[in-house]
1. Name every residue in the stretch A:1-33 that is of a type in the set (Asp, Glu), part of a loop (DSSP other than H, G, I, E, B) and farther than 26 Å from A:VAL303 by Cα, in order of residue number.
2. Give the residue, chosen from A:PRO36, A:PRO118, that is assigned to a helix (DSSP H, G or I), touching a residue at least 40 places away in the same chain (Cβ under 8 Å) and touching a Gly at 6+ places or on another chain (Cβ under 8 Å).
3. So which residues in the stretch B:63-80 are surrounded by 23 or more Cβ atoms within 10 Å (Cβ to Cβ) and within 14 Å of another protein chain (Cβ to nearest Cβ)?
4. Considering only the stretch B:1-37, state which residues are of a type in the set (A, V, I, L, M), in contact with a Pro (Cβ under 7 Å, 6 or more places away or on another chain) and modelled with pLDDT under 95.
5. Just for the stretch A:256-276: of the residues that are surrounded by fewer than 21 Cβ atoms within 10 Å (Cβ to Cβ) and aliphatic (A, V, I, L, M), which one is nearest to the other protein chains (Cβ to nearest Cβ)?
6. Looking only at the stretch B:204-229, count how many residues are more than 15 Å from A:ARG378 (Cβ to Cβ) and either more than 7 Å from chain A (Cβ to nearest Cβ) or not small (Gly, Ala, Ser) (or both).
7. Please state which of the following conditions A:ARG184 fails to meet, knowing it meets all the rest: (1) outside any strand (DSSP E or B); (2) crowded, with 18+ Cβ neighbours inside 10 Å.
8. Give the stretch A:293-309 a look and list any residue that's in a helix (DSSP H, G or I) and farther than 15 Å from A:ASN244 by Cβ, or say none.
Amino acid sequence: MKFEWAPQHQAFREKIRAFLAENLPADWEHRAHHGPGSREQTEFSRQFCGKLAEAGLLIPHWPIAWGGRGMDAWCQIILAEEMWQAGEPRGAQYMNVNWIGPTLMRYGSATQQARYLPRIARGDAIWCQGFSEPDAGSDLAALRTRATRDGDIYRIEGQKIWTSYAGLAETCFLLARTGTDRKRGISIFLVPMDSAGIEVRSIPSLIGEGDIHEVFFDGTEVQGEALLGEEGGAWDIIGFSLNNERLGIPRYALARRALGRAVTILQSRGAFIGEAVRVQASRAASLCEAARLGSYDIVDQRVRGVAGTGGASAVRVATVMAERAVGEFVVEFLPDSLCEAEPLLKAHHQRAIVAGIASGAAEIQLNLVATELLGLPREPR
Amino acid sequence: MELSLSAEQSAILGALERLAKPYANAPINSRGFTLVSGELDRALEDGGFLDMAFEPELGALTAALVVAQLARLPYAAEVAASSLLRPLLGADVKRPVCAVEAGAPARPVRFLAPGATVIVLHRDRVTSFTAAAGDVCNIETIFAYPMAILVTEADHAAGAVAHDVPAATLRARWQVALAAEIAGLLDSAIGCTVTYVSERKQFGRPLGSFQGMRHRLAEATVRAGGARWLALMAADSGDPGDAALAAHFAQDAATGIVYDLHQFFGAMGVTLEHPLHLWTYRLKALLSELGGRSAQAADAADLIWGVGR
């Protein structure tokens, strides 16, 4: 057991930092506060990810056969930390490289792989994730959007909601019902967003521009080749996908950076004095540290091929605690920083509330921890 | 970054588990506030399990792993100070070892007894002395450690010797010891609560199947996991800021969890028939050490962001 970074991992982090220093514009924080789903950041991400790809930093953790460099899970989390704490200049494309690409590698047909993977690897692809529905949020298997086969095509009817990045996405990773069985009746379709019969409406939100949407499918037709894997096979595939995304976004990294910034501002005003503010700052820092080390525990398990279940959910809970503590610290001690003058703190505060909601509510994670880590009896349904 | 145990650490903790097996459960007729075993103490000392931090290649990290593992036992053993503080002072320091802060309000001291080495953390230096009978006033406490009050002013103890270790270094190591011990105690306290609420039925189903309890226990285990990682990292890094954060996090986590666990046991949680208190009341004793969670947090702020009070 050792907590020091290996030289190659430290060097990798420094390489990313140098790349960011060179490639992020001087006014980046002001641009980044619109959020990864905004038009401005999405457009920026296309050229930024292109440069990342040229520098070998877009998909370093992908297998060499797919254009990656076969780097380990430590490199993946280092990359994710540096990008997220920089305001995620990859925009929505972080999703592609973390789990959409690897899912296509494993379950996609040769045609699908040839169509989508090179574009993801070039850093020029925007995807959205069509999972949640009005009556199927945490209870994802209750989804009702239906894909009906008609000869060589599927016809899709239904509605998705709270869909991130849908406004500017070219492709939707869509879950739709092809059968009646709760879980075995769900399939995945890779749906071009310019197909006829798709309407996207932006939902005004607290968390930035262009982030969440409603997506309506009204008789949208897709070719049979849009089906990913077997019909009815979605549940296993998304299990694999979520396993790749299980660590999620390393939110603790930006939270810790925001905390550091807040303390610096308070110090510059001579206001980081007295026990109350200092105790709360340390408390928030300790929660960020717990989330960081918990994440590393999962990465370590992955590198050794022994990742169990439940641990990643515990990390999600720890991350929510850290995000909250930093958000609360800023609201309590530096409320004026939540306006335009401090875009980093404003952006952090705006999006921190998502930590316990996006990609599986915190309450679901607590249930998973209770059942899978602690072995507590399940609640009867 | 490598968070699994080394082969040597696995071997040490495996051997420790075998040694401690007879002490893994409280005796069936145990009804006391405290459980101690002289045999266990001797076996740990003779087996060299308290000397890990004397070995540079094992260091404070392996010592912290030992502290956390032994804290899981229902028996209170003088492990943390011997394993983590004693090596800073030298191999000739006699066990048992206890530690006090000079100038801090009087409080019961764990493992204080005539003949014990008392390490005194002053503001700017470290001294120690061997407690004489007249220095010690035995007391009964509800805390699950053997404890006594030091009646001699630590500054004026007879035969006190000065040590060539900075006070900040000793404080940091004490914080690591505290955090590692809390992490181990939390682990067992949560574990035995999970067992109890999985078996105890009300309304026709196990208590632990109610979401109100599941979520709070899940949160408790997340915090306990954090306490463990922060303690181990601080042990490894030797950084005083890490140590202060680890102690703060552990004391803060334990503060919320201890009451919850007794709550989940219902009336059984106020009896001495279940050994829960053997972990939770040790936790309570640790909540106030080194000034408690707020003092650790203020200390951490000084170390991370610079002194500015």
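1. Answer for the stretch A:1-33, where residues must be of a type in the set (Asp, Glu), part of a loop (DSSP other than H, G, I, E, B) and farther than 26 Å from A:VAL303 by Cα: just A:ASP27.
2. Details: A:PRO36 fails: assigned to a helix (DSSP H, G or I).
That would be A:PRO118, the only listed residue that is assigned to a helix (DSSP H, G or I), touching a residue at least 40 places away in the same chain (Cβ under 8 Å) and touching a Gly at 6+ places or on another chain (Cβ under 8 Å).
3. B:ALA63, B:ALA64, B:LEU65, B:VAL66, B:ALA68
4. If the condition is that a residue be of a type in the set (A, V, I, L, M), in contact with a Pro (Cβ under 7 Å, 6 or more places away or on another chain) and modelled with pLDDT under 95, then B:ALA26 is the only one that fits.
5. Of all residues in the stretch A:256-276, those surrounded by fewer than 21 Cβ atoms within 10 Å (Cβ to Cβ) come to A:257, A:260-261, A:264-265, A:267-271, A:273-276.
Cutting the leftovers down to aliphatic (A, V, I, L, M) gives us A:265, A:271, A:273, A:276.
Working: A:ILE265: 12, A:ALA271: 10, A:ILE273: 5, A:ALA276: 9 Å.
The residue in question is A:ILE273.
6. Taking the stretch B:204-229 and keeping what is more than 15 Å from A:ARG378 (Cβ to Cβ), we get B:216, B:219-229.
Restricting the remaining residues to those that are either more than 7 Å from chain A (Cβ to nearest Cβ) or not small (Gly, Ala, Ser) (or both) gives B:216, B:219-224, B:227-229.
Counting residues in the stretch B:204-229 that are more than 15 Å from A:ARG378 (Cβ to Cβ) and either more than 7 Å from chain A (Cβ to nearest Cβ) or not small (Gly, Ala, Ser) (or both) gives 10.
7. If we test A:ARG184 against (1) outside any strand (DSSP E or B); (2) crowded, with 18+ Cβ neighbours inside 10 Å, just (2) comes out false.
8. First pass over the stretch A:293-309, keeping only residues in a helix (DSSP H, G or I): A:293-303.
Within the stretch A:293-309, A:LEU293, A:GLY294, A:TYR296, A:ASP297, A:ASP300 meet the criteria.
The values are calculated or read from the model by the stated rules, or taken from the named source; none is laboratory data. Just so it is clear, the model here is predicted, and its values are computed rather than measured. We place every Cβ from the backbone using ideal geometry, glycine too, and count neighbours over all the protein chains shown.
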